[in-house]
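Here the structure is laid out as structure tokens; the discussion comes afterwards.
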Amino acid sequence: MNLFIALRAAFPADLDSRAIELADGPDTGRFHTWRDLDHASARIANLLDSLGLPPASRVAVQVDKSVEALVLYLAVLRAGHVYLPLNTAYQEAEIAYFIGNAEPAVVVCARRHFTWVSRLAFPLGTRHVFTLDDDRTGTLLERAACHADTHTPVDKADDDLAAILYTSGTTGRSKGAMLSHGNLLSNARTLKDYWGWRPGDVLIHALPVFHVHGLFVATHGAWLNGSPMLWFSRFDPRAVVARLPDATVFMGVPTLYVRMLAEPGLTREACRHMRLFISGSAPLLIETFRDWQARTGHTILERYGMSETVMLTSNPCRPEDGERRGGTVGRPLPGVGLRIHDDQGRPVPPGEIGGIEVRGPNVFVGYWRMPEKTREEFTADGWFRTGDVGRQDADGYVTIVGRSKDLVISGGFNVYPAEVEGYLNELPGVAESAVIGVPHPDFGEGVVAVVVPRAGGEPPDPAALIATLRGRIAAFKVPKQVFIAGELPRNTMGKVQKNLLRERHAACFMNAP
């Protein structure tokens, strides 16, 4: 089934009720009804139909967050094409690669980028370049305004392609994960049930809309439940905290929770109507988990997913399903298979570390135009190798230890960065840390830690941190050097960019004996 048809069928009977309220910017308080979403997406879908595009054409989109950008996503699904969201941080060389690789028939960009985007796109075969800004201007809306506000959605099968999401590309070329209508719809329906979406729920949407978390998990959940959204074009902790009394559900990356904890207005009273706080896209520190619990009376639900699979695991939502355990990402979602194998493809006992492999209706169909890479990432019996390393306890709860590419092999021993980071983050004066491996003339790789000190205190002494760790963990896991930094480099979803840290400290053992 076309994903749009399923989402549209879940709109409330009163199409003139509030669907999205703008919560920041010059139009704060302005709202869009469900009828507005239906009519606006129909106009853009009719515009796409008028262009005579081949079936299932790619539509690449790099625009600032706006309701109109979300409507464009609905329109692409409605017209039967393939949505290709691009991170707003991508620069010219990266966009050139994506356009050359995906060969989109249509590119939509911010007006300020039109000159260089069109200069790239047209020679690479793109037929149409439109503009869309976050103030409801641009050629896309101007052209769409001439079209009818009714449209018959294109019929699609479950395995037809709905979206392509490019991975971050920190190692090698970025890969386009192909997600079908069935992948996205099955996962959305599972989450609607597992997270207990109910009548009256209101979602605060403060995430980007070029990523699984903000574009699929958040919006699909609200739409399938017919729930209105409080829409923030960008995250402002004070403004979000001020709107918590008007909402019931919030989804964020760990950084957002840390920033809200710094707001005096975050109290139990402010959260009195909230039902659910969800965290994902990056590891949630156990300290943040506990601080949030003590401050608000709410326990954050942490879950785990990726571009290739949407959501895979989740801590329980309902008490009868179990407790929410800090430091874990919960159990596999209903319908999702998860197993942990060693490097030889053998299952490991509960509690042992290995590579995480998954399967289910949510798992992608492969990488765009990379059949060999697709084959490499799936086992002979059809399980997808996530590239994440973790363990699963006897109760089924999964703990992510790190990415396999972040594994440090020092003197022949495996060092899992997340394990060392966990010990470091418990030490006095440490707010957070990142552990990496860099070239070492003797050990092959040397373990290095980058530590961010707690605000308002004295920075910790690197030598003292190393000495303390020597008494707590095996010597081969102890960082050989510790660097103090004001902050860790992160991407727009809050994930630490360890590739940048490795580049920055690559030569630190150059003169080691």
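The values are calculated or read from the model by the stated rules, or taken from the named source; none is laboratory data. Keep in mind the model is a prediction, meaning the values are calculated, not measured. As a convention, Cβ positions derive from the backbone with ideal geometry for all residues, glycine included, and neighbour counts pool all protein chains shown.
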If we scan segment 255-269, do we find a residue that is of a type in the set (D, E, K, R), without any contact (Cβ under 8 Å) to a residue 40 or more places away in the chain, out of contact with any Ser or Thr (no Cβ under 9 Å at 6 or more places or on another chain) and assigned to a helix (DSSP H, G or I)?
yes
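I need the full set of residues from segment 190-213 which are outside any loop (DSSP other than H, G, I, E, B), of a type in the set (D, E, K, R) and in contact (Cβ under 8 Å) with a residue 40 or more places away in the chain, in order please.
Matches in segment 190-213: 193 only.
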Segment 41-87, residues that are assigned to a loop (DSSP other than H, G, I, E, B) and β-branched (Val, Ile, Thr)
63
Can you pull out the residues in segment 382-399 that are outside any strand (DSSP E or B) and either modelled with pLDDT under 95 or within 22 Å of the chain's Cα centre (by Cα) (or both)?
383, 397
So which of 295, 318, 290, 325 ends up being of a type in the set (Lys, Arg) and within 15 Å of residue 392 (Cα to Cα)?
325
I'd like to know if segment 324-342 contains one or more residues that are more than 28 Å from residue 289 (Cβ to Cβ) and not assigned by TED's automatic domain parsing to the domain that holds residue 422.
yes
Could you please let me know if residue 289 is crowded, with 17+ Cβ neighbours inside 10 Å, among the aromatic types (Phe, Trp, Tyr) and within 23 Å of residue 64 (Cβ to Cβ)?
no
Can you give me the number of residues within segment 143-156 that are surrounded by 13 or more Cβ atoms within 10 Å (Cβ to Cβ) and either in the same structural domain as residue 365 (by TED's automatic domain parsing) or more than 19 Å from residue 368 (Cβ to Cβ) (or both)?
7
Taking the residues in segment 501-513 that are surrounded by 16 or more Cβ atoms within 10 Å (Cβ to Cβ) and not in a loop (DSSP other than H, G, I, E, B) as candidates, determine which candidate is nearest to the chain's Cα centre (by Cα).
501
Only unsatisfied item for residue 486, checking (1) surrounded by 17 or more Cβ atoms within 10 Å (Cβ to Cβ); (2) over 19 Å from residue 407 (Cβ atoms), is (1)
Can you tell which of 302, 308, 287 is assigned to a strand (DSSP E or B) and either more than 26 Å from residue 32 (Cβ to Cβ) or not charged (D, E, K, R) (or both)?
302
Subset of segment 432-465 [aliphatic (A, V, I, L, M), under 21 Å from residue 287 (Cβ atoms) and either touching a Pro at 6+ places or on another chain (Cβ under 6 Å) or not in a strand (DSSP E or B) (or both)]:
435, 449, 455, 464, 465
Tell me which residues, restricted to segment 197-224, are over 18 Å from the mean Cα position of the chain (by Cα), of a type outside the set (Phe, Trp, Tyr) and closer than 24 Å to residue 308 by Cα.
224
Condition first: touching a His at 6+ places or on another chain (Cβ under 9 Å), under 20 Å from residue 422 (Cβ atoms) and modelled with pLDDT of 95 or more. Can you find one or more residues in segment 460-479 that meet it?
no
With 242, 177 as the choices, which residue is of a type in the set (A, V, I, L, M, F, W, C) and in a strand (DSSP E or B)?
177
Here is a list: 332, 316, 347. Which entry is of a type outside the set (A, V, I, L, M, F, W, C) and free of Cβ contacts under 8 Å to residues at least 12 places away in the same chain?
347
Members of segment 84-115 found to be modelled with pLDDT of 95 or more and surrounded by fewer than 23 Cβ atoms within 10 Å (Cβ to Cβ), listed by number:
100, 101, 102, 103, 105, 110, 111, 112, 113, 114, 115
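If you check residue 159 against the conditions, is it closer than 30 Å to residue 244 by Cβ and either modelled with pLDDT of 95 or more or surrounded by fewer than 23 Cβ atoms within 10 Å (Cβ to Cβ) (or both)?
no
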